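Encoded as structure tokens, the structure appears first; notes follow it.
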């Protein structure tokens, strides 16, 4: 892998924000290290995977944490439905496949990103080798107070999302990285979202209906759940898990919805097993 210049990606003629874990891939490296696309949740961006992408890049994978349209460094307006986002992800997979010469990719999705990845895998099983879902559910209803605050672009929306998405350890200042404040970092990330982005994402989640999507996924699936996840509690993932044909479930004790930051070591361990 070369690390001398940034990796660039375009989908539909628009630039896409991508994080590669500090190692820039090319077609030669991607042939040896399977490509992993990581998709963030509502109001967030590629940086939620920063404690996983570097590890993946140096442990035999080609990670591409991408920004959805209207998020992070990706141009365009946020898309209005999970179906539209999944279709866009399909275009992104095509762009990545053409650029890196890979026939298949592995998908990792968190929260809203898990819905997007599941839909994409169900629609195009030939190109998806593995599917890993974190903080997922068969349905993602949104509290009216949160949806209203997001529609008005009020700070209350990021505040509620930050509070509800972290387990108890994060609320008493515990952080895997000494000197950093997990809740403060989460709030700062959501505050950076442009006006309307959080509301568009939450509306897409609230209106999503899984239907038979899980039954149509043919590749191996791993679902990672946090015992203290208030946004998508383990019981909410149960109907989805029951419909997958080939699924493993990993339980993370004490982790909330933002498990990638709350327990990054356990998430990396789970990813290593799931992506192999």
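Annotation: residue 182 fulfils all but one of (1) modelled with pLDDT of 95 or more; (2) more than 24 Å from residue 128 (Cβ to Cβ); (3) touching a helix residue (DSSP H, G or I) at 6+ places or on another chain (Cβ under 9 Å); the unmet one is (1).
Taking region 1-53 as the range and being in a helix (DSSP H, G or I), touching a strand residue (DSSP E or B) at 6+ places or on another chain (Cβ under 7 Å) and over 28 Å from residue 177 (Cα atoms) as the test, the residues that pass are 29, 30.
The residue list 65, 129, 86 contains one member that is buried (at least 16 other Cβ atoms within 10 Å of the Cβ), at pLDDT 95 or above, touching a helix residue (DSSP H, G or I) at 6+ places or on another chain (Cβ under 6 Å) and assigned to a strand (DSSP E or B), which is 65. Does residue 60 count as crowded, with 24+ Cβ neighbours inside 10 Å, more than 19 Å from residue 95 (Cβ to Cβ) and at pLDDT 95 or above? No, not satisfied.
Taking the listed residues 146, 134, the one that is surrounded by 19 or more Cβ atoms within 10 Å (Cβ to Cβ), touching a strand residue (DSSP E or B) at 6+ places or on another chain (Cβ under 8 Å), more than 19 Å from residue 88 (Cβ to Cβ) and touching a residue at least 24 places away in the same chain (Cβ under 8 Å) is 134, with no other qualifying. Here is the figure for region 151-163: residues that are in contact (Cβ under 8 Å) with a residue 40 or more places away in the chain and in a loop (DSSP other than H, G, I, E, B) total 1.
Meeting the requirement of 3 or more residues that are surrounded by fewer than 21 Cβ atoms within 10 Å (Cβ to Cβ), the helices (runs of 4 or more DSSP H) wholly within region 164-276 are 182-191, 197-207, 234-243, 264-275.
The values are calculated or read from the model by the stated rules, or taken from the named source; none is laboratory data. All values reported here derive from a predicted model rather than from experimental measurement. Heads up, the Cβs are rebuilt from the backbone with ideal geometry, glycines too, and the neighbour counts pull from every protein chain shown.
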